[in-house]
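The values are calculated or read from the model by the stated rules, or taken from the named source; none is laboratory data. None of the values given here were measured: they were computed from a predicted structure. Don't worry about glycine lacking a Cβ; one is built from the backbone with ideal geometry, like all the others, and counts go over all protein chains shown. Protein only, heavy atoms only, side chains kept; ligands, DNA and RNA dropped before computing areas. Shrake-Rupley method; radii C 1.70, N 1.55, O 1.52, S 1.80 Å.
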Amino acid sequence: MVFLSVTLLRSSRLCSLSAHLTRNALVYKRGGYPQVHSVSSQISCQRRANSFHFRDTSTGPPLFFCSNEPTVCSQISPKTPSPLHSGPVQTQCRHHFHTSASLKALPAPLIWMVLKPLQKLMAIILGRSIRKWWVALPDNRRELMRKWAWQRRWHLAVGAGVAMVIAVLLLLTHLDVSPVTGRTRLLVFSRENYMELAALTSEAYMEEFAELLVPVTDPRHKVVEQVVQHLAQRNKDIPEMSDVIWSVHVVQSPNINAFVLPNGKVFMFTGMLDAVADIHQLTIVLGHEMAHALLGHSAEQASLSHVVDLLSLILLTAIWAVCPRDSLALLGQWVQDKLTQLMFSRPYSRKLEAEADKVGLQLAAKACADVRAGPVFWQQMEIRDQLTGEPTFPEWLSTHPSHRNRVTQLDRLVPQALEMRESCICPALPATDPRVVFSKSVTVLLENAKQQGRGGPEGASKPHLPHSPTPLPAALQASLLAQTALPPSSNVGQEENKSPVPVVASETTVAAPVPAPTEGDRSQDGKQITS
């Protein structure tokens with residue numbers, strides 16, 4: 001029996017190589033001791049050398065090392081005498097070994113999403129089985145079980161404590177530092193896992209919106225594409241921003257919505273384009289959504305949900321085991337779900353939204369947008385909801401901060417964002433603050449509405465929130481294409497781009513009153529922005 005350590009020469013093209021190779025052959029002969037021989041040989045290969053024919057002249061039968069590749073010619077000419085001697089051999093490779101392509105595993109978050117309802121079902125079945133088993137026990141057996149548990153209460157407490165320590169250690173091994181903010185967070189799912197899931201999700205969205213996508217030649221698509229690329233270019237010093245290939249898809253829908261997947265797929269609804277007043281607000285909205293992607297908020301939120309769900313399984317099993325009837329167990333399960341959402345999921349979602357507002361404002365500042373337009377946008381959204389009759393809920397019931405709280409937070413962050421914008425050598429902003437202009441415009445509109453109301457029901461009409469005097473996307477396109485020279489950005493570690501890159505105009509009108517919309521315009525109003 002012969003074991004050969006052979007290095008296969010592999011090449012994708014036809015080749016002719018000459019090399020002196022030294023190989024070690026360990027020869028086992030029946031009735032003898034193992035011997036090690038050194039062989040120096042010359043190999044000439046064509047395309048792939050993966051079949052070798054060795055013959056030991058003293059023992060007779062040839063030795064084959066072969067894979068499942070097609071015909072290969074090998075010629076071995078020993079330069080020194082050796083017990084293993086072979087002459088020129090040309091052979092057809094035999095299919096002794098068969099290899100198959102590796103199967104690609106499903107992303108871990110997708111597997112968890114599939115198993116999540118099954119885990120709850122198993123917890124319900126287990127709890128219900130424990131309850132039925134306990135009810136079926138005789139009274140004396142129940143008393144014995146209670147005494148047994150009481151006598152070993154310290155052992156059970158120690159076991160529970162050890163289990164909690166192990167769980168805490170497992171959680172500590174999955175801590176991660178958030179980019180940009182440096183915040184410590186829990187990540188059960190890696191960024192790579194969520195990139196795979198994002199690819200599947202983007203394919204699903206592309207199929208869903210296949211008939212609603214705006215052509216790439218449409219001015220609205222061009223505007224969003226240029227703003228996204230401008231944000232990416234001006235923030236390329238952030239590794240998570242430069243490592244992603246950003247692509248834009250504009251969806252024809254009245255919903256006021258926009259979102260960005262972790263793999264850089266940007267989905268912008270035309271309802272959002274109708275809601276923003278100028279290019280600055282559009283830049284801030286896109287900065288907010290891109291901040292979600294580069295911070296990995298989807299993976300972070302899924303990780304928290306995964307841990308909370310696993311802990312909830314223990315409580316769910318206890319509910320079904322303790323409740324005497326299935327109806328009470330269902331009620332207890334419903335209460336548990338609502339409490340989990342109100343205590344963990346929704347507060348954490350609002351926290352991530354606030355962080356995306358902060359980071360998105362910084363991205364927009366480095367892109368030379370007028371960050372003072374950020375609070376104005378959320379004031380517009382608040383007034384729009386009031387005029388369209390959208391129902392308002394307390395913030396603690398929502399996954400997003402209220403419009404008013406967002407305005408307050410952005411007002412507090414604007415001075416810092418202005419300093420960052422100035423450090424990026426951006427064009428000077430106009431002296432007029434768009435927040436002041438918006439407040440005065442709203443005051444004038446309310447006074448006009450009161451005066452029209454006094455004139456009678458025919459003259460009364462709802463005031464319309466201040467908006468850009470030019471309809472979108474014409475206003476956005478004009479303001480965006482007004483300047484094409486990229487300002488220097490020496491303080492943010494970015495290289496100067498030779499090609500023209502759009503710059504967010506700093507002189508565009510932020511808020512100006514327009515006539516009230518017609519019935520057709522009012523029908524285009526959507527819901528609150530979501531991420």
Tell me whether the range 293-300 contains one or more residues that are more than 15 Å from Y348 (Cβ to Cβ) and in contact (Cβ under 8 Å) with a residue 24 or more places away in the chain.
yes
Can you confirm whether R146 is assigned to a helix (DSSP H, G or I) and surrounded by 12 or more Cβ atoms within 10 Å (Cβ to Cβ)?
no
Which listed residue, of R191, R152, is open to solvent by 50 Å² or more (accessible area, probe 1.4 Å) and touching a Gly at 6+ places or on another chain (Cβ under 7 Å):
R191
Any residue in the range 240-265 that is free of Cβ contacts under 8 Å to residues at least 24 places away in the same chain and more than 17 Å from Q226 (Cβ to Cβ) sitting within a Cβ distance under 7 Å of a residue that is open to solvent by 30 Å² or more (accessible area, probe 1.4 Å) and not in a helix (DSSP H, G or I)? List the pairs, counting only those 6 or more apart or interchain.
S242/K236
Take L387 and tell me if it is of a type outside the set (G, A, S), in a helix (DSSP H, G or I) and in contact (Cβ under 8 Å) with a residue 60 or more places away in the chain.
yes
Residue under question is A299, and the condition is that it be modelled with pLDDT under 95 and under 17 Å from the mean Cα position of the chain (by Cα); does it hold?
yes
Can you confirm whether the range 332-345 contains a residue that is open to solvent by less than 20 Å² (accessible area, probe 1.4 Å), closer than 22 Å to A293 by Cβ and in a helix (DSSP H, G or I)?
no
Conditions first: (1) touching a helix residue (DSSP H, G or I) at 6+ places or on another chain (Cβ under 6 Å); (2) modelled with pLDDT under 95. V266 passes all but one, so which condition is the exception?
(2)
So, R185, is that one at pLDDT 90 or above and in a strand (DSSP E or B) or not?
yes
Considering residues that are exposed (fewer than 13 other Cβ atoms within 10 Å of the Cβ) and modelled with pLDDT of 90 or more, the number found within the range 109-136 is 6
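Yes/no per residue for (1) within 25 Å of S345 (Cα to Cα); (2) open to solvent by less than 60 Å² (accessible area, probe 1.4 Å); (3) at pLDDT 90 or above:
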{"position": "F393", "(1), (2), (3)": "yes, no, no"}
{"position": "S398", "(1), (2), (3)": "yes, yes, yes"}
{"position": "S402", "(1), (2), (3)": "yes, yes, yes"}
{"position": "T408", "(1), (2), (3)": "yes, no, yes"}
{"position": "L418", "(1), (2), (3)": "no, yes, yes"}
{"position": "S423", "(1), (2), (3)": "no, yes, yes"}
{"position": "C426", "(1), (2), (3)": "no, yes, yes"}
Could you check, for the range 364-373, whether at least one of its residues is assigned to a helix (DSSP H, G or I), crowded, with 22+ Cβ neighbours inside 10 Å and touching a Gly at 6+ places or on another chain (Cβ under 8 Å)?
yes
What tally of residues in the range 130-151 results from selecting those that are among the charged types (D, E, K, R) and under 19 Å from A329 (Cα atoms)?
2
What are the pairs with Cβ atoms under 6 angstrom where one residue, in the range 406-432, is touching a residue at least 24 places away in the same chain (Cβ under 8 Å) and within 11 Å of L361 (Cα to Cα) and the other, located anywhere, is outside any helix (DSSP H, G or I) and not acidic (D, E)? Sequence gap at least six, or different chains.
V414/V371; V414/R372; A417/V371
